[in-house]
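Below you'll find the structure, written out as structure tokens, and then a few comments.
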Amino acid sequence: MPTYVYEIVDPDGEGTGECFEVVQPMSEDPLSKHPETGEPVRRVPQAPNIAGKWSDIKGKSQLSNKNLDRLGMTKYEKRGDGYYEKTAGTGPKTIHRPPD
């Protein structure tokens, strides 16, 4: 379900700048009153969040362990002080730097 942003409206019709978010189905009509205070509100148009080529969502999937493994890359994650464990790809299962 999408998250909509609403703005509280003054009696003169101007927005107060005070906003809140509501998660509601697209099939529901927009709110006309604040759910808690009963003040008049209007929905504020927002840009949609679409997972395009350069979005955060797309970037996370490109850096997934499965995708890195498919591309022949190796990924290690830190598990302790100087200790790294392989999570994707080929190579040693662990890398450990001895303490100084």
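The set of residues from segment 59-76 being assigned to a strand (DSSP E or B) and either within 18 Å of Pro99 (Cα to Cα) or of a type outside the set (D, E, K, R) (or both) comprises just one member, Tyr76.
Which one of these does Asp69 not meet: (1) surrounded by 12 or more Cβ atoms within 10 Å (Cβ to Cβ); (2) at pLDDT 90 or above? Evaluating Asp69 over (1) surrounded by 12 or more Cβ atoms within 10 Å (Cβ to Cβ); (2) at pLDDT 90 or above leaves (2) as the failure. It is to be established whether one or more residues within segment 42-51 are assigned to a strand (DSSP E or B), modelled with pLDDT of 90 or more and hydrophobic (A, V, I, L, M, F, W, C). The answer is yes, given that some residue of segment 42-51 is assigned to a strand (DSSP E or B), modelled with pLDDT of 90 or more and hydrophobic (A, V, I, L, M, F, W, C).
The values are calculated or read from the model by the stated rules, or taken from the named source; none is laboratory data. None of the values given here were measured: they were computed from a predicted structure. Here Cβ is always computed from backbone atoms with ideal geometry, including for glycine, and neighbour counts include all displayed protein chains.
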